Amino acid sequence: MNLNIRSRQQNTYDAIVVGTGISGGWAAKELTEKGLKTLVLERGRMVKHVEDYPTMNLEPWELPNADRLSAEEMKDYPVQRRTNYTIKPSTKHWWPKDTEHPYTETKRFDWIRGYHVGGRSIMWGRQSYRLSDLDFEANAKEGIAVDWPIRYRDLEPWYDYIESYIGVSGQAEGLPQLPDGKFLPPMEMNCLEKHVKQKIAEHFDGRLMTIGRTANITQPHNGRSKCHYRNLCMRGCPFGGYFSSNASTLPAAERTGNMTLRPNSIVTEVIYDAQKQKASGVRILDAESGLTEEFYARIVFLNASALGSTWIMLNSTSDRFPNGLGNDSGELGHNLMDHHFKVGASGEYDGFEDMYYSGRRPNGIYIPRFRNIKEQRSDYLRGFGYQGGAGRQGWTSAVAELGVGKELKQAITTPGAWRMGMTAFGECLPYHENKVELTSDKLDKHGLPTFIIDCEFKENELNMRKDMKDSAVEMLEASGLKNVAAFDNIGGPGLGIHEMGTARMGRDRKTSVLNKWNQIHTVPNVFCTDGAAMTSSACQNPSLTYMALTARAANHAVKEMKKQNL
């Protein structure tokens, strides 16, 4: 008995954070800096900044098979081989094998995951945009799903706080639908992008092209070196030129002396104390030993990714919550969203033959949403924005073909024609029937239940895509590009890697899982601040919002703990 008491004391902390990605790193930083002894649990292996980036400096010729996996290796990635930008020899160590972590697709869903310390913060696209009240108010105004319990004014100071810390380069534009932030100097557009920007402004009222707002820093910032324009970000940056948990928030948490980081710790459930009507801690499965262990804390932050956190809640059943922790509303697992994209246009431009650019800018252009802002279209709700860029073509194909001699030298020193493309990212409405549920009929490599995922884009998104495609064509043609070709390869949800919803915020515990502070309505010492919390998706990249929600919730949690309310 004394041994059990001693063990519980050793495993007790002020706070537990589950996950080390974009939001988990922020939860760890904020809670430890506020003085809480914090246990940070990561289901995957340890990844140390710089030390564990094995391909960060490899040249193309140092990678096997021109950075392509063999047919035999691809058998382990039946989902991820649908895309061409994840599974490569240069990055495959970041992506878990689909065969080891299976799930059931009622309809196509491309679930792209990262199971290691830092999570997808190492591989994210770094585009960092604020949501506006156009987004926070949309559900209420249109009678869609439920109302967000917060507005832009609630997050504005936290957006400021996050941007000031992580470093976001960008250009202020004064648009109400895309609020400006605390920006580092913007990256520069090339000559064709500047030309298209000018032509869009001349031909289209209400449309604007700007440089992307990216978490690549353009000057030294918070002890990190500026971006070197290598465009090898997904391999891990030894300079800390972009924000990741590994380069930024986790080291900050470690410096406090208040963080205990435990990798290879799969949280299988939150332990619920029915007498206190609170969570007492979490139960884990050690990924290396296969043993289970329990850890205890006054507060728990779930930051395991949208579907990861929802998996934990659905798997946390008890007499009080037979259908998952905090699931009185029945909404847990529902309202799954992702941005739909891979639609737009590209074309060629005659001119600027004497112009070029240096480096490999890890950023592109952005055209903010311009639809359904003042006047509502009749064929679809919400809107979309474009990402893309321009460049000169030709020389890289010669390198890929491994030519030799005079022909190769001429090819790599004589760039081809200018081209520009733009790809739209559109909002997906929160549909109750887009859902995940657990099944024990198919288990993962650890013997744990897996998801059945039933999610699709519907009529509103399909109607929007027609406009996304046509608008890209008209902007490029109006800018003088020729041979403009449209494309539309919708695929399935998931590939945007912006999965959201399934534990949404709301004003009423009868229709939502989380309150305005990201607390589970009926288990107030459990917070969820990752993509699961999103009540709607907007069309902007969402990671900046996850970070702002996390810092805000952590601040609230500590205040409530001091008041003895948690």
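The values are calculated or read from the model by the stated rules, or taken from the named source; none is laboratory data. Here the structure is a predicted model, which is why all the values come from computation and not from measurement. Note: ideal-geometry Cβ built from the backbone for every residue, glycine included; neighbour counts use all protein chains shown. Remember, those area values only see protein heavy atoms, side chains included, never the ligands or the DNA or RNA. Shrake-Rupley method; radii C 1.70, N 1.55, O 1.52, S 1.80 Å.
Computed quantities for the displayed model
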read-out	value
Pairwise centroid distance, computed over Cα atoms, of region 198-260 with region 33-53, Å	20
Globularity ratio of region 87-156, using Cα Rg and 2.2 N^0.38 Å	1.62
Heavy-atom accessible area per residue - region 428-521, 1.4 Å, Å²	41
DSSP beta bridges in the chain [antiparallel fraction, %, rounded to 5]	70
Cut-off 13 Å between beta-carbons: net charge of the residues surrounding residue 511, Lys and Arg +1, Asp and Glu -1	0
Probe 1.4 Å - accessible area at residue 318, Å² to nearest ten	40
Full-extension gain in nm, residue 482 to residue 456, via 0.36 nm per residue minus C-alpha separation	5.9 nm
Estimated Rh, region 63-120: Kirkwood, alpha-carbon pairs, angstrom	12.1
Accessible surface, per residue, of region 185-334 when the full set of protein chains is kept, probe 1.4 Å, Å²	39
For region 341-385, accessible area per residue (1.4 Å probe, heavy atoms of protein chains only), Å²	50
Loop-located GluC sites (Glu not before Pro) in region 68-144 whose Cβ has at most 12 other Cβ within 10 Å (DSSP)	100
As computed over region 446-566, the Cα convex hull volume per residue (Å³)	183
Two-decimal Rg/Rh across region 1-148, once Rg and the Kirkwood Rh are taken from alpha-carbon atoms	1.07
Helix 543-562 vs. the chain, principal-axis angle (Cα, 0 to 90°, nearest 10)	20
Normalised contact order of region 253-312, rounded percent, pairs of Cα under 8 Å and 6 or more residues apart	25
Shape call, region 144-258: gyration tensor on alpha carbons, a/c limit 1.5	oblate
The chain - Rg and Dmax from Cα coordinates, angstrom	23.6, 81
Percent carbon-and-sulfur accessible area, the chain, ignoring ligands, DNA and RNA, probe 1.4 Å	48
With Cα atoms, 0 to 90° folded angle of helix 152-166 axis to the chain main axis	70
Listed pairs 510/562; 466/510; 29/194; 182/342; 29/374; 75/435 exceeding 32 Å between Cα atoms	466/510; 29/194; 29/374
C-alpha long axis of helix 459-478 to longest principal axis of the chain, angle in °	30
